[in-house]
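Here is the structure we will look at.
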Amino acid sequence: AYHYKGFNNKYTPSNNNKILAYSFEKEQSDDDISSYLKFRDLSNDAMEGVIPGTSEEIRQIASIFDGDYYYANMASKSSFIENCEEYKILHLAVHGIADDKRPDFSRLKFYGQEQNYLHAFEIYNLKLNAELAILSACESGTGQVKNGEGVMSLGRAFSIAGAKSMVLSKWEISDITAPVIMKYFYSALAAGKRKSEALRIAKNQFLENDADNITSVPYYWASFYVMGDDSPIEFNQPWHQSYRLLSIMILLPLITAA
């Protein structure tokens, strides 16, 4: 059995405005990203399968946010544990599975062998200062429901460890759609949108610009949701201030005309 100090969110603001992100795949993947059948779960031998969308996802985020980005063999469990306390945003594009019978053994799989599983019982003992943790993995927001406790999910573990808010998944994550949705999501965050609003915008933009007859089905795009604090993320970076100033300059004439 594992013993914790209770549901105690240990969040304190991070002075590091950067993002810490992990991709299960190498930076330039040779594998085809176009398969409708690739999901970020651990079933059906998927733990050995490739998920090339994770590297594309991280590259998309890197074009928007300053941060430290780890791919493939650099994206290890030990690296995450060593560095995770110091960042404002955590992004994990990896394999994931919820263990309904043993919630403490719900896990994320980083690159490598079995020792690269990060279990819920290990996450509880981390000391996170992240304003936002994004678990872009299958079933990160699902799990056993306990009376008086709620859903025993990986997201709950991150909250107890100190993350102020999370983006989680209700079911499997499609490796073909997640990179696109996350690109739009981070663009909306950079524009100063609230987290839930940024996610709503991202899903709508995906449906309008990228979805086809298959990926327009909700199973492919509706899994992500926001848990925790919903306020916008403030960044003290010149590029962010310029981004917002440009948005104001564009929108002000439209508002005045209205």
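Would you tell me the accessible area of residue 85, worked out with a 1.4 angstrom probe on the heavy atoms of the protein chains, in Å² to the nearest 10?
Solvent-accessible area, nearest 10 Å²: 80 Å².
Give, in nm to one decimal, the length gained when the segment between residue 212 and residue 36 is fully stretched (0.36 nm per residue of separation minus the Cα-Cα distance).
Between residue 212 and residue 36, full extension yields an extra 62.3 nm.
Excluding ligands, DNA and RNA, what is the solvent-accessible area per residue of the stretch 145-191 at a probe of 1.4 Å, expressed in Å²?
26
If you roll a 1.4 Å probe over the heavy atoms of the protein chains, what accessible area per residue do you get for the stretch 35-138, in Å²?
Normalised by residue count, the accessible surface of the stretch 35-138 is 39 Å².
Take residue 78 and residue 170, extend 7 Å from each Cα along the Cα→Cβ direction, and tell me the distance between the two endpoints in nm.
The answer from the label model is 4.0 nm.
When the accessible area of the stretch 76-168 is computed with all protein chains present and a 1.4 Å probe, what percentage of it is carbon and sulfur?
The value for the stretch 76-168 is 42 percent carbon and sulfur by accessible area.
What per residue convex hull volume, in Å³, comes out for the stretch 84-160 when only alpha-carbon positions are used?
87
Determine the order of 214, 51 by accessible area, beginning with the largest, at a probe radius of 1.4 Å.
The ranking, largest first, comes out as 214, 51.
In vacuo Debye scattering of the stretch 109-210, one point per C-alpha: log10 I(q)/I(0) at q = 0.13, 0.17, 0.24 Å⁻¹?
Log10 of I(q)/I(0), two decimals: -0.54, -0.89, -1.32.
The values are calculated or read from the model by the stated rules, or taken from the named source; none is laboratory data. Please read these numbers as outputs of a predicted model, since none were measured by experiment. When we count neighbours, we look across all protein chains shown, and the Cβ atoms used for this are built from the backbone with ideal geometry, even at glycine. Remember, those area values only see protein heavy atoms, side chains included, never the ligands or the DNA or RNA. Shrake-Rupley method; radii C 1.70, N 1.55, O 1.52, S 1.80 Å.
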